[in-house]
1. Report every pair of residues separated by at least 6 positions or lying on different chains whose Cβ atoms are under 6 Å apart, first residue within segment 45-69 and under 18 Å from Val11 (Cβ atoms), second in a strand (DSSP E or B) and of a type outside the set (Val, Ile, Thr).
2. Just checking: which of the strands (runs of 3 or more DSSP E) contained wholly in segment 1-79 hold 3 or more residues that are over 10 Å from the mean Cα position of the chain (by Cα) and surrounded by 15 or more Cβ atoms within 10 Å (Cβ to Cβ)?
3. Please specify each residue of segment 70-90 satisfying the condition of being hydrophobic (A, V, I, L, M, F, W, C) and over 17 Å from Leu9 (Cβ atoms).
4. I'd like the full set of residues that are farther than 22 Å from Leu7 by Cβ and either charged (D, E, K, R) or in contact with a Lys or Arg (Cβ under 7 Å, 6 or more places away or on another chain) (or both), limited to segment 38-73.
5. I need the full set of residues from segment 87-110 which are free of Cβ contacts under 8 Å to residues at least 12 places away in the same chain, in a helix (DSSP H, G or I) and either within 30 Å of Met52 (Cα to Cα) or not aliphatic (A, V, I, L, M) (or both), in order please.
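What follows draws every value from the coordinates through simple rules; no lab data is involved. Note that the structure is predicted; figures quoted are calculated from it, not measured. Neighbour counts are summed over all protein chains in view; Cβ atoms, including those assigned to glycine, are modelled from backbone coordinates with ideal geometry.
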Amino acid sequence: MEWSDDLMLDVILTTGGTGFSARDVTPEATRSVIEKEATGLAIAMLTGSLKMTPLTMLSRPVCGIRRRTLIINLPGSRKGSKDCFLVVKPCLSHAVHLLRENQNTVRATHARMEEHTVSQSDSETQLTS
């Protein structure tokens, strides 16, 4: 809570404690401090990691927001935490801009995404015509 409330960190990454053993309580601890869950991030990490190992389904990551800080639980293994981080890394900057209410940057990102989607749709239309 201090890292979010006092230090106002943008992102907090935790590693470990997301498994099935009695000592794995990171998700419960995270839920006790976040105000909103960011389930899309957890789903993305699980989906991406499942492509690499079936043991991913034994992980219980929680991601969420406290004030303007994004908190992400990564698995404890070096490979697992690296794999999961690489899945969420592309959206972290945008998430921080959203939390910090940097409207101009958020709008610019959305415009770029829409341009890409429109261009892709035009290409698909041309391919099917």
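1. The qualifying pairs are Pro61/Asn73; Val62/Asn73; Gly64/Lys36; Gly64/Glu37; Ile65/Lys36.
2. The strands (runs of 3 or more DSSP E) meeting that bar are 11-15.
3. Passing the criteria: Cys84, Leu86, Val87.
4. Within segment 38-73, Lys51, Arg60 meet the criteria.
5. Lys89, Pro90, Ser93, Gln103, Asn104, Thr105, Arg107, His110
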